[in-house]
Amino acid sequence: MCTTCGCGHPEQVRIGELPHSHSTQEHNEQGTPNFSHSTFHFNQPVEIDDTQKRLLKIEQDVLGKNNQFANQNRTFFAKQHILALNLVSSPGSGKTTLLVSTLNALKNDRTCYVIEGDQQTENDADRIRATGVPAIQVNTGKGCHLEAQMVGEAIVKLRPQSNSIMFIENVGNLVCPSEFDLGEKAKVVILSVTEGEDKPLKYPHMFAASSLMILNKVDLLPYLTFDVAQCIANAKRVNPNIKIIQLSATTGQGVDEWLAWLAQQSE
Ligand SMILES: Nc1nc2c(ncn2[C@@H]2O[C@H](COP(=O)(O)OP(=O)(O)O)[C@@H](O)[C@H]2O)c(=O)[nH]1
Ligand SMILES: [Mg+2]
């Protein structure tokens with residue numbers, strides 16, 4: 001897990017701001033989680049000569065602390081009837097493209113918010129804001145995943161309304177984000193057909209932790225040797241309960257099924 005891959009550099013984490021046009025909305029402040037900056041610590045540095053036992057203890061502490069913040073987020077989301085989803089995938093599978101088409105489809109019917117996780121740049125938050133939906137960018141520096149406290153701080157800035165949807169686009173990585181609960185209702189893993197049908201077997205934890213797998217970029221299937229049936233079988237092998245939607249974020253194929261799944265999650 002992440003304390004051993006060296007991604008914990010709290011001083012490099014930067015949580016952005018809402019542009020002025022988005023920060024003037026009226027919101028209910030009640031129930032906004034109280035995240036104190038004085039307790040804002042990410043992964044503790046690990047001495048290279050530490051024993052395996054000490055490493056394990058640190059990992060447990062990091063995850064335990066993360067779980068506490070995740071529970072605060074979950075309580076807040078539940079109180080406000082906010083559907084929170086954690087979108088996870090490798091870089092480039094189409095998370096932001098899917099979000100943009102989803103927000104364009106939903107924005108007249110449902111208030112939505114987006115928390116964008118990337119190591120660097122504000123690019124994805126800018127793409128989301130172009131739809132008119134408020135987005136906070138979290139830059140994790142060397143960090144390879146979002147943690148629950150980062151999400152909590154972004155919530156404080158977004159001040160989401162009740163009965164809304166909070167999409168959290170995690171840092172592109174099929175490994176570490178599977179271990180960090182952000183307080184979401186469900187993880188949605190996006191796998192694109194250019195990545196190979198074996199990925200659920202190579203990165204089983206992510207597929208085991210996810211409720212839904214979106215198989216994206218199906219418009220490219222005619223040009224590839226990607227075995228859809230095998231991919232689905234691989235995903236079901238690591239998670240027999242995983243729901244699968246074949247989709248193209250660029251052509252719109254399968255988007256209705258995804259929107260129906262979203263509506264079902266809010267019931
Ligand atoms: N052909 C095709 N390209 C897609 C699709 N979805 C995303 N892309 C492209 O894949 C690239 C990465 O997409 P992006 O949304 O930035 O991926 P992210 O890193 O997961 O957020 C971009 O060039 C998109 O235009 C799709 O359904 N079909
Ligand atoms: Mg993206």
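Just so you know, all these numbers are worked out from the coordinates, no wet-lab data involved. Since the model is a prediction, treat every value here as computed from it, not as a measurement. A quick note on method: Cβ atoms are made from the backbone with ideal geometry, for glycine too, and the neighbour counts reach across all protein chains shown.
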Which numbered condition residue 66 misses (of (1) surrounded by fewer than 20 Cβ atoms within 10 Å (Cβ to Cβ); (2) in a helix (DSSP H, G or I)): (1)
Test: residue in region 124-131 that is touching a residue at least 40 places away in the same chain (Cβ under 8 Å) and part of a loop (DSSP other than H, G, I, E, B): no
Every pair of residues 6+ apart whose Cβ atoms lie under 9 Å, when the first sits in region 89-104 and is farther than 20 Å from residue 179 by Cα while the second is among the aromatic types (Phe, Trp, Tyr) and more than 9 Å from ligand 2 (Cβ to nearest atom): 98/258; 99/167; 102/167; 102/258; 103/167
Helices (runs of 4 or more DSSP H) completely within region 136-255 that count 3 or more residues being surrounded by 21 or more Cβ atoms within 10 Å (Cβ to Cβ) and of a type outside the set (S, T, N, Q): 148-158
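Conditions tested, residue by residue: (1) within 16 Å of ligand 2 (Cβ to nearest atom); (2) closer than 15 Å to residue 187 by Cα; (3) in a helix (DSSP H, G or I).
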| residue | (1), (2), (3) |
| --- | --- |
| 71 | no, no, yes |
| 75 | no, no, yes |
| 81 | no, no, no |
| 87 | yes, yes, no |
| 92 | yes, no, no |
| 100 | yes, no, yes |
| 110 | no, no, no |
